[in-house]
Amino acid sequence: MNLPMLGGCRCDRVRIRVTKAPLITTACHCNGCQRMSSSAFSLTALFPADAFEVTQGDPVIGGLHGPDAHHFFCAHCMTWMFTRPAALPHIVNVRPTMLDEHAWFAPFLETFTKTKLPWAVTGAVHSFEEFPPMEAYEALLQAFASHGAGTGSTS
Ligand SMILES: [Zn+2]
Ligand SMILES: [Zn+2]
């Protein structure tokens, strides 16, 4: 991938910018992600929060409106763009297809396979029935760092 990466919502009123490579990439098959993505699973590229900024527009809270995860949407086209987990203020979960160039993206791990559609195949290297336990993330992040972002990528 070429940094910085620029991106936008469906209508392009909200624009974003990412200046570092992702820490890990995921696909999630949970019921909430299936509904919010209007699809079989959601995609996430997890970036350090200090590497992410909204450069244009004013995204609004959507999704659950709960205290745990702040789901950000474009107020005009209602695209689900990124999520800020309240417990992890140092990271931001960006929907990678917002990025203008996202062909590099491939999910390294997939979560909630227990509710995945039978035909849904993501190519993820690691699969978990639910979310991996917190203590598993350190090893997963290290594995991703040596694996490289995107299974089709060389860097
Ligand atoms: Zn929009
Ligand atoms: Zn999910």
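Roughly how many whole Å is it from the C-alpha centroid of the stretch 44-110 to that of the stretch 11-26?
If we compute the Cα centre of each part, the gap is 7 Å.
Per residue, how many Å² of accessible area does the chain show with a 1.4 Å probe?
On a per-residue basis, the chain sits at 54 Å².
List the chymotrypsin sites (Phe, Trp or Tyr not before Pro) in the stretch 92-133 that DSSP assigns to loop (not H, G, I, E or B) and whose Cβ has at most 11 other Cβ atoms within 10 Å. Which are they?
Of the chymotrypsin sites (Phe, Trp or Tyr not before Pro), the ones in loops of the stretch 92-133 whose Cβ has at most 11 other Cβ atoms within 10 Å are Trp119.
Percent of accessible area on the chain owned by carbon and sulfur, 1.4 Å probe?
56 percent
For a quick size check, give me the Cα extents of the chain along its three principal axes, largest first, whole Å.
Largest first, the chain extends 36, 33, 30 Å along its Cα principal axes.
Taking 8 Å as the Cα distance limit and 6 or more residues as the minimum spacing, I'd like the relative contact order of the stretch 74-115 as a percentage.
24 percent
The values are calculated or read from the model by the stated rules, or taken from the named source; none is laboratory data. Bear in mind the structure is a predicted one, so any value in this text is a computation, not a measurement. No Cβ is skipped: glycine too gets one built from the backbone with ideal geometry, and neighbour counts run over all protein chains shown. To get the accessible areas, we keep the full protein, side chains included, count just its heavy atoms, and leave off ligands, DNA and RNA. Shrake-Rupley method; radii C 1.70, N 1.55, O 1.52, S 1.80 Å.
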